[in-house]
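The values are calculated or read from the model by the stated rules, or taken from the named source; none is laboratory data. A quick note: this is a predicted structure, and the numbers were derived from the prediction, not measured. Cβ placement follows ideal geometry from the backbone for every residue including glycine, while neighbour counts extend to all protein chains displayed.
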Amino acid sequence: MGRQLLRSAYSELDAVIVSGYLSSLSNFCEFLRFATMPTTSTSRPIAAFEVSPNPKCFCDCNYWSRITRYWVGDGVHAATAFPKLEFLIMEGMRNWEEWSLVGSETGNSSSHSLRVMPRLEVLCVIDCPKLRALPNGLPLRIFRTAMAHSLSVIEDFLFITELEIKMNDGMKRISNLPALKKLTIWDTPALKCVDNLVALQCLELQDYSMESLPEWLLRLVQQRAHLCDKNLQLVMRCSTAVIQRCLKGGPDWPIIECFSRVSAYTKDRSVYLEYTKQTGCYRANQ
């Protein structure tokens, strides 16, 4: 289809309404990336669409603060917007605060619900520090986020199997993800609640600044005590002081021995702890 570049002198956008081009893209696009682009001395681009021979789309959106149902454009009259979209990246949208794509279209005589991104499986949100929440109903399988400091809750996503949260200062709760198998948490100090993850098999935790294991970790293993499948692996990168607390006889050992397998080590791997519950194998160099 070639490439189109839309430029504007406006530096502030509260909401985005696109009719025509993006509305048409929504019918076949399988990969969509929103990101910022460097501005020049002569122009400040707010929207750019790059379409390759494959159904992919790139959109520059430095100044967007809201994405609502109207973002799909007035030209979408079908019951579904972005019916084929499977992979979505939101990156560097530092003014983005609101994301609400579920709404309705109203005609002269009737209205109908608009389904948005019904096949979306992979979502990445990177360096979007003001985004407060994800829209309800996304059928995600994989969600990865980094530096999204206003995103405080991830819950009630029934199909997510892999969740990755990195460098988030505001995340407080992760709950009710019944299909989640792998959870990765890096440098997320405000996290207080992690529960109802009945299918979880692997937990990866990285925080070199923490002084002890987080309280939510103990509650998580206690919640799993009644499950038939208690296999849960912990991979942890932390300080020497935390590993010392996790050794046999240490204050955090009761948490460690609840896991089926544990691998803990410092950044340079000079200090480590390895434990396998089934065999009783225990190795540490402290």
(request) Filter segment 229-248 down to the residues that are free of Cβ contacts under 8 Å to residues at least 40 places away in the same chain and assigned to a helix (DSSP H, G or I), then identify the one that is farthest from Val198 (Cα to Cα). (result) Ala241
(message) If I filter segment 249-258 down to residues being in a loop (DSSP other than H, G, I, E, B) and without any contact (Cβ under 8 Å) to a residue 40 or more places away in the chain, which single residue comes out as nearest to Leu218 (Cα to Cα)?
(response) Cys258
(message) Between Leu205, Leu227, Leu213, Leu232, which is crowded, with 16+ Cβ neighbours inside 10 Å, hydrophobic (A, V, I, L, M, F, W, C), within 20 Å of Leu163 (Cβ to Cβ) and modelled with pLDDT under 95?
(response) Leu232
(request) For Ala190, indicate whether it is surrounded by fewer than 16 Cβ atoms within 10 Å (Cβ to Cβ), hydrophobic (A, V, I, L, M, F, W, C), closer than 27 Å to Thr266 by Cβ and more than 12 Å from the chain's Cα centre (by Cα). (result) yes
(request) Mind listing whichever residues of segment 166-205 are closer than 17 Å to Leu218 by Cβ, of a type in the set (Asp, Glu) and assigned to a loop (DSSP other than H, G, I, E, B)? (result) none
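Can you name every residue in segment 123-165 that is of a type in the set (D, E, K, R) and either surrounded by 17 or more Cβ atoms within 10 Å (Cβ to Cβ) or part of a strand (DSSP E or B) (or both)?
First, pick out the residues of segment 123-165 that are of a type in the set (D, E, K, R): 127, 130, 132, 141, 144, 155-156, 162, 164.
Answer for segment 123-165, where residues must be of a type in the set (D, E, K, R) and either surrounded by 17 or more Cβ atoms within 10 Å (Cβ to Cβ) or part of a strand (DSSP E or B) (or both): Asp127, Arg144, Glu155, Glu162, Glu164.
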(request) Give the residue, chosen from Cys281, Cys246, Cys238, that is over 17 Å from Leu217 (Cα atoms), modelled with pLDDT of 95 or more and either buried (at least 16 other Cβ atoms within 10 Å of the Cβ) or out of contact with any helix residue (DSSP H, G or I) (no Cβ under 6 Å at 6 or more places or on another chain) (or both). (result) Cys281
(message) Looking at the structure I just gave you, is Lys267 assigned to a loop (DSSP other than H, G, I, E, B), among the basic types (Lys, Arg) and either over 29 Å from Phe143 (Cβ atoms) or free of Cβ contacts under 8 Å to residues at least 12 places away in the same chain (or both)?
(response) no
